[in-house]
Amino acid sequence: MSVKTHVQAVLGVTLGCLLFAAACSESPMRTSPSPIGARGLNATNLGTLELNKFEICKQYSGIVGPPVVFNFTVDYGNDGSVNETGTRTLSNGGCSEIHGPTVGSPGHFSDLVTVTEVTPAGYTVTFVKQQQTGGNVQTTNGSGPVASGLTIDIDGGALIVFTNTFNSVEQGDGRFTGGSADIELANGVVVGASLTIHCDKLLSNNLNVTWKDAQGNEHHFHMEDHNTTIECSDDPNIDQKPPTAPLDTLKGIGTGNFDGSNGGYTVEFTFVDTGEGGGKNDKIALKIFQTSNPSNIVLQFGLTDLFKGNLQAHFDQPHK
């Protein structure tokens with residue numbers, strides 16, 4: 001009879017991929033995370049500890065990153081030698097059995113399993129290990145990409161849940177602004193000239209977006225709060241000056257109003273200033289969705305060139 005216990009995981013919203021009414025093939029911010037989603041909106045359990053099984057599971061905290069590769073080794077009988085190796089690739093909310101004892105085969109008792117996560121750049125990793133021996137279950141927490149010390153036996157089981165957290169970069173000396181006229185994108189979306197986003201989220205942060213859907217109906221989103229600076233970064237391959245600035249790319253998350261609603265909508269944004277030249281090489285990516293129902297995506301597109309206007313990265317003005 002299997003003895004089961006559950007690891008609790010706080011999982012959030014399901015990802016969608018729509019632009020207006022049509023499906024799309026790439027995320028709105030191709031190198032940045034998106035709202036968390038795994039195993040449905042109300043998932044509460046990730047992984048199951050069972051006899052005769054060694055399972056690993058993967059989840060993201062807060063925002064979801066890319067699929068993750070796990071390498072594992074098995075030491076039959078825990079005698080100091082590596083007898084088996086393997087690899088698994090798991091997305092957010094995914095689990096995989098990686099080893100089970102072989103009944104009646106000498107040396108396949110108390111097999112020691114070590115799992116190593118190939119952690120994506122910009123993330124840290126923690127894990128929860130559960131070891132079952134007979135009717136006893138021991139739970140331990142750890143950090144870093146390597147989880148070891150768990151064995152699998154005929155009367156036992158093991159489970160590891162890895163959690164990745166994005167390392168937010170908040171550079172207080174950078175900001176993005178729009179030009180003196182509205183910014184028009186190649187896909188017809190218009191971003192208002194009042195665009196101002198600060199990396200440290202202080203002072204006023206303004207973002208207004210206007211577009212038409214497939215039926216020709218005009219829509220508007222106004223950001224009320226800049227909630228999270230995911231990344232303010234300076235790509236050495238991009239020369240965005242003049243003027244000199246500490247960044248050329250800004251990614252973040254905010255909340256605001258859609259078509260006159262009183263809040264209730266979330267925006268994920270990416271801005272890239274590639275330098276002078278009328279802004280034609282500057283790029284914007286946006287995803288706007290209903291916060292309480294993330295599958296209701298009202299606008300989404302990947303990095304798109306500007307058709308008119310200009311994005312400008314700056315050193316921030318002094319403020320507290």
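Okay, here's what the table says:
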{"quantity": "THR140-LYS241 pseudo-label distance in nm [points 7 Å out on the Cα-to-Cβ vector]", "calculated": "5.2"}
{"quantity": "The range 174-315: mean projected area of Cα convex hull, nm²", "calculated": "8.1"}
{"quantity": "Under the Karplus curve 6.51 cos²θ - 1.76 cosθ + 1.60, θ = phi - 60°, whole-Hz ³J(HN,Hα) for the range 218-224, x wherever Gly or Pro sits", "calculated": "8, 10, 9, 10, 10, 7, 8"}
{"quantity": "Amide H partners (placed H, <5 Å) of ASP282, local residues excluded", "calculated": "THR274, LEU306"}
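Just so you know, all these numbers are worked out from the coordinates, no wet-lab data involved. Nothing here was measured: the structure is a model prediction, and the numbers come from that model. Positions of Cβ are generated from backbone atoms using ideal geometry, with glycine treated the same way; all protein chains shown enter the neighbour counts.
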